[in-house]
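Here the structure is laid out as structure tokens; the discussion comes afterwards.
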Amino acid sequence: MKGTKRKHRRLSNETVGYLYVLPAVIFIVAFVVYPIAYNILISMQKYDISTFQSGVKEFIGLSNYQSIFADKLFIKSVSNTFIFTIVCIIFQLGIGFLLALFFHKEFPGANVTSGLTLIAWVMPMLVIGIIWKWLWASDSGAINYFLSALNLIKEPIPWLSDPKYAMIAVTATNIWVGIPFNMLLVITGMTTISDDVYEAATIDGASKMQSLRYITLPLLKPTMVSAVTIGFIYTFKAYDLIVGMTQGGPNHATEMISTLIYQENFTTFDFGKGSAMANIYFLIIFVVAIFYSKLVMKEEA
């Protein structure tokens, strides 16, 4: 009898545990698994504006995927997105690291100044895009005004209307946005390094550059990995900033995968092709997330 009661009690505890987990499972299935599965299904169908009229969704297999990989605009958007992401990460992390070294030292107004730098990060991206669109304006923009005042240019540069300069302007703006976030991550990582380590290195005769190279950088490796991975995902899916500044133009010079997916779905209404692009987009970010998880597990081991 006692064994039976214990068994029933154990089953009861397990049932309660499953009931606690059930809402989370339902949420994940409804808002993660189902949308992904349905999007994969749509990507294998001929699903466009004519489908709404006929009500027939023709199954075409991988034709949409073959179509997008043969589309030069899609290939260009992939190239633009990777170049944009890599350049932004390099400068955001590099400048953020230097600022973290600066603000990590105690001096009057350090906390206030470092706090003010976070304004760029907390502002809505669409608002930032619109503000910087004014700053990059050819005729009345502040950037051309200051460059002219410093005698660095003889005539205004069409930053956002010339394909040669548009990507530079968009990339520089996104770098400005991401620097505070990287600075905050690095400063947080620095706080975990004990001052005793630096004191011991100083006693042993290590210079500041040697301490930076052999203590700070190695101990900040997990933080750097996190910053690069989060930065990649956050930058790779950039959309609001691009729409606010260029909408992918001029002549698709700043076209990203995210903006092209929007156009395919809500401008040309080719949902099958747009879904195929979205799946490729998701797959790239998913691979990066898996890579990050393995690195984290390796560091913990």
>> If I filter the stretch 57-85 down to residues being among the aliphatic types (A, V, I, L, M) and either surrounded by 13 or more Cβ atoms within 10 Å (Cβ to Cβ) or touching a residue at least 40 places away in the same chain (Cβ under 8 Å) (or both), which single residue comes out as farthest from Glu255 (Cα to Cα)?
In response: Ile60
>> Need the failing condition index for Ile203 against (1) of a type in the set (Val, Ile, Thr); (2) open to solvent by 90 Å² or more (accessible area, probe 1.4 Å); (3) at pLDDT 90 or above, just the number.
In response: (3)
>> Going by what's in this entry, would Lys164 be described as under 16 Å from Tyr239 (Cα atoms), basic (Lys, Arg) and at pLDDT 90 or above?
In response: no
>> Can you list the helices (runs of 4 or more DSSP H) lying wholly within the stretch 1-54 that have 2 or more residues being modelled with pLDDT under 90 and among the aromatic types (Phe, Trp, Tyr)?
In response: 2-28
>> What are the pairs with Cβ atoms under 9 angstrom where one residue, in the stretch 91-106, is closer than 23 Å to Ile168 by Cβ and of a type in the set (Val, Ile, Thr) and the other, located anywhere, is open to solvent by less than 70 Å² (accessible area, probe 1.4 Å) and assigned to a helix (DSSP H, G or I)? Sequence gap at least six, or different chains.
In response: Ile95/Ile175; Ile95/Ile179; Ile95/Asn182; Ile95/Met183
>> If I go through the stretch 87-105 residue by residue, how many of them are at pLDDT 90 or above and either of a type in the set (Phe, Trp, Tyr) or open to solvent by 90 Å² or more (accessible area, probe 1.4 Å) (or both)?
In response: 4
> With (1) of a type in the set (Val, Ile, Thr); (2) modelled with pLDDT of 90 or more; (3) not in a loop (DSSP other than H, G, I, E, B) as the list, and Ile157 as the residue in question, which single condition is left unmet?
Replying inline: (3)
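The values are calculated or read from the model by the stated rules, or taken from the named source; none is laboratory data. Quick caveat, the model's predicted, so the values are computed rather than measured. Please note: Cβ atoms are built from the backbone with ideal geometry, for glycine as well, and neighbour counts cover all protein chains shown. Side chains are part of the model used for accessible areas, which takes the heavy atoms of the whole protein and leaves out ligands, DNA and RNA. Shrake-Rupley method; radii C 1.70, N 1.55, O 1.52, S 1.80 Å.
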